[in-house]
1. Going residue by residue through the stretch 57-68, is there one that turns out to be within 15 Å of residue 11 (Cα to Cα) and in contact with a helix residue (DSSP H, G or I) (Cβ under 7 Å, 6 or more places away or on another chain)?
2. Have a look at 73, 47 and point out the one that is without any contact (Cβ under 8 Å) to a residue 40 or more places away in the chain and within 11 Å of the chain's Cα centre (by Cα).
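Values quoted throughout were computed directly from the atomic coordinates according to the rules given, and no laboratory measurement underlies them. If you're wondering where the values come from, they're calculated on a predicted model, not measured in any experiment. A quick note on method: Cβ atoms are made from the backbone with ideal geometry, for glycine too, and the neighbour counts reach across all protein chains shown.
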């Protein structure tokens, strides 16, 4: 069974090239992404259901609020607004 980090990285590797789970972790914990990694991180977090992102946050040792703040820092947009797994969505 995959960890939440592994499954989130898999979502981010679908359309824009692969992002390794450890690289995703590093970016979420503050490393600056390369230009081509922004789309991968966006896809990873917006195409992973929120409940799984809460598990991801615990796995990497941050709060869900901190994960949301990091997403906004990277993209300029609120995570839950960008989420594709919302009521009435997927």
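1. Within the stretch 57-68, none of the residues are within 15 Å of residue 11 (Cα to Cα) and in contact with a helix residue (DSSP H, G or I) (Cβ under 7 Å, 6 or more places away or on another chain).
2. On inspection, the qualifying residue turns out to be 47.
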